Amino acid sequence: TVKPFEEIPGLWKNGVVNLYNFWKLDGVRNMHHIMLKNFNTFGPIYREKIGYYDSVNIINPEDAAILFKAEGHYPKRLKVEAWTSYRDYRNRKYGVLLKNGQEWKSNRVILNKEVISVKMLENFVPLLDEVGQDFVGRVHKKILRSGQNKWTTDLSQELFKYALESVSSVLYGERLGLMLDYIDPEAQHFIDCITLMFKSTSPMLYIPPGLLKLVGAKAWRDHVEAWDGIFNQADRCIQNIYRELRHDSGSTKKYPGVLASLLMLDKLSIEDIKASVTELMAGGVDTTSITLLWTLYELAKHPSLQEELRAEVAAARAASQGDMLEILKRIPLVKAALKETLRLHPVAVTVQRYVAEDIVIQNYHIPAGTLVQLGLYAMGRDPKVFVRPEQFQPSRWLRSETQYFRSLGFGFGPRQCLGRRIAETEMQIFLVNMLENFKVEKQRHVEAQSTFELILVPDRPITLTIKPL
Ligand code: HEM
Ligand code: 2DC
């Protein structure tokens, strides 16, 4: 017989006491480790309440399948109140990230065609490849200037610029020029604001932003300042395109970018377009850059694997006469390496849904409306789910090992990451270009871990050495 909801193990009876203990343990930055510990203590399902954050947590792929089958027509993930509060405070529209229900669906369906459909790849790939080539050029220059025939550096700032340049070129069909020596200070400010925005969000998962605003807390002030910077910069970019479009209304055949396509399509209001394009621009920086940093880190730790990837890329290039769209169809191991990176170093610590209907997981009844979280980080490291999970082995994704609900780094279903196609393509193109030109090495002793700053990021600078082939 099915056990009642109240019997799910875990600490959920006193949210305030739990919040106090959580804070003492520096729980905010360790939320992924605490989840691991909780699954060890309570088993594959536990309930938790910290502050006002009340959830049921699961780890098994089979249970993930049950969760996503109950997500309904308008899947809803955890409401990040800091983000909605800012928009309410400044009277800005929610984009697709924050909308729910029918309004979310109608916006999302239109955005899907322009942003995540496979058809768009032929438009995106040339734009992204140009950025990839410019990145290679920039690295060559740095190596030359060092006078040592190598470049040793913490690449994160360079990768932020690569990611922003990439997503901007797809959104606006224009380059920002971030691969140059002198970059627009506004663009650098935008990058800093995104990092601050994520960082200042995490405490507000547990303490309502309304309260922090009331007492004038720093987290809230930082958060407002960060989003203000993000919206100002995005507004400037959007205004530019809007003005250009009025002057010559898209007469040329050249692909004009996501924003101009949406404006010409005329199916969403300008305010809706602005809101979602801003979210895409902000969502497109730290996510892909940090994933690429982790990938380079793993490839530096595994030199023979790095050679295997290089050989695959060389063969793909030869078989495709240099056509990048064709190359991308011939690099399964590179794609698997990115999957493997997201298994060990996911950007999102969980994927969550408020379930639309009553369900049964691990023989417990879970009523409709409950917030259920799949612990992505914990699942990726669970030996019951992945053979030798501690090892970075891209080939596991190419063997017959079952993949059933195991590759969820971008979420799942109709509410999955809207930027997924851009992210994947941008990262693949980055790796192709880098592998063809450079070898990546690291100092033996530094072992980086994840730390939670709303997204999971490396807990220390990752210093890599790049050498020409
Ligand atoms: C949502 C991961 C890159 C924009 C999400 C979600 C995840 C995710 C897990 C939630 C999905 C769900 O609830 O099922 C990632 C990862 C990335 C990445 C791992 C890179 C490695 C990007 C990029 C963009 C972007 C490059 C923008 C170009 C968005 C947006 C949503 C979203 C707008 C909300 C979609 C909606 O609610 O309908 N992402 N993301 N992401 N992501 Fe990404
Ligand atoms: C953070 O407990 C931990 O892709 C919380 O590009 C649950 C949670 C809810 C929503 C998740 C968030 C976590 C991590 C960051 C995600 C976000 C949904 C979208 C966002 C995964 C797991 C992200 C990074 C978007 C951000 C776009 C935005 C800045 C405009």
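Okay, here's what the table says:
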| quantity | calculated |
| --- | --- |
| Neighbours by Cβ (under 6 Å, 6+ apart or cross-chain): first from region 88-108, within 16 Å of ligand 2 (Cβ to nearest atom) and at pLDDT 95 or above; second assigned to a helix (DSSP H, G or I) and among the β-branched types (Val, Ile, Thr) | 98/84 |
| Hey, residue 215 β-branched (Val, Ile, Thr) and either more than 14 Å from ligand 2 (Cβ to nearest atom) or surrounded by fewer than 19 Cβ atoms within 10 Å (Cβ to Cβ) (or both) or not | yes |
| Region 346-364, subset outside any strand (DSSP E or B) and farther than 17 Å from residue 61 by Cα, residue farthest from ligand 1 (Cβ to nearest atom) | 358 |
| Subset of region 104-141 [under 17 Å from residue 255 (Cβ atoms) and of a type in the set (S, T, N, Q)] | 117, 123 |
| Given (1) more than 18 Å from residue 109 (Cα to Cα); (2) out of contact with any strand residue (DSSP E or B) (no Cβ under 6 Å at 6 or more places or on another chain), number of the condition residue 206 does not satisfy | (2) |
| Residue, surrounded by the most Cβ atoms within 10 Å (Cβ to Cβ), within region 143-161, restricted to residues that are within 17 Å of residue 182 (Cα to Cα) and free of Cβ contacts under 8 Å to residues at least 60 places away in the same chain | 161 |
| Residue among 159, 205, 164 that is aliphatic (A, V, I, L, M) and more than 15 Å from ligand 2 (Cβ to nearest atom) | 159 |
| Qualifying residue in region 179-197 (condition: in contact with an Asp or Glu (Cβ under 7 Å, 6 or more places away or on another chain), in a helix (DSSP H, G or I) and within 14 Å of ligand 1 (Cβ to nearest atom)) | yes |
| Single unsatisfied condition, residue 423 versus (1) more than 16 Å from ligand 1 (Cβ to nearest atom); (2) small (Gly, Ala, Ser); (3) in contact with a Ser or Thr (Cβ under 9 Å, 6 or more places away or on another chain) | (1) |
| Failed criterion for residue 48 (all others in (1) farther than 21 Å from residue 282 by Cβ; (2) in a helix (DSSP H, G or I); (3) among the charged types (D, E, K, R) hold) | (2) |
| Within region 263-279, considering residues that are assigned to a helix (DSSP H, G or I) and more than 23 Å from the chain's Cα centre (by Cα), the one farthest from ligand 2 (Cβ to nearest atom) | 264 |
| Residue 109 being surrounded by 15 or more Cβ atoms within 10 Å (Cβ to Cβ) and either among the aliphatic types (A, V, I, L, M) or not in a helix (DSSP H, G or I) (or both) | no |
| Residues of region 143-166 that turn out to be of a type outside the set (Ser, Thr, Tyr), within 25 Å of residue 195 (Cα to Cα) and assigned to a helix (DSSP H, G or I), as a count | 8 |
| Residues within region 365-423 that are in a helix (DSSP H, G or I) and within 16 Å of ligand 2 (Cβ to nearest atom), tallied | 12 |
| Subset tally (residues that are within 16 Å of the chain's Cα centre (by Cα) and among the aromatic types (Phe, Trp, Tyr)) for region 280-326 | 1 |
| Flag for residue 452 being assigned to a loop (DSSP other than H, G, I, E, B) and buried (at least 19 other Cβ atoms within 10 Å of the Cβ) | no |
| Qualifying positions in region 45-76 - in contact with a strand residue (DSSP E or B) (Cβ under 7 Å, 6 or more places away or on another chain), among the β-branched types (Val, Ile, Thr) and more than 26 Å from residue 101 (Cβ to Cβ) | 45, 59 |
| Hits in region 205-262 - residues which are within 16 Å of residue 172 (Cα to Cα), of a type in the set (A, V, I, L, M) and more than 22 Å from the chain's Cα centre (by Cα) | 238, 241, 245, 260, 262 |
| Residue list for region 270-293, filter: away from ligand 1 (no atom under 16 Å from the Cβ) and buried (at least 23 other Cβ atoms within 10 Å of the Cβ) | none |
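Residues are listed down the side, and each one gets a yes or a no for (1) over 27 Å from residue 192 (Cα atoms); (2) surrounded by fewer than 13 Cβ atoms within 10 Å (Cβ to Cβ); (3) within 16 Å of ligand 1 (Cβ to nearest atom):
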{"site": "237", "(1), (2), (3)": "no, no, yes"}
{"site": "268", "(1), (2), (3)": "yes, no, yes"}
{"site": "295", "(1), (2), (3)": "no, no, yes"}
{"site": "309", "(1), (2), (3)": "yes, no, no"}
{"site": "322", "(1), (2), (3)": "yes, yes, no"}
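Yes/no matrix, rows are residues, columns are (1) within 20 Å of the chain's Cα centre (by Cα); (2) assigned to a helix (DSSP H, G or I):
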{"residue": "75", "(1), (2)": "yes, no"}
{"residue": "82", "(1), (2)": "yes, yes"}
{"residue": "103", "(1), (2)": "no, yes"}
{"residue": "123", "(1), (2)": "no, yes"}
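The values are calculated or read from the model by the stated rules, or taken from the named source; none is laboratory data. Because the structure is a prediction, the values reported are computed rather than measured. In this analysis, Cβ positions are derived from the backbone assuming ideal geometry, glycine residues included, and neighbour counts consider all displayed protein chains.
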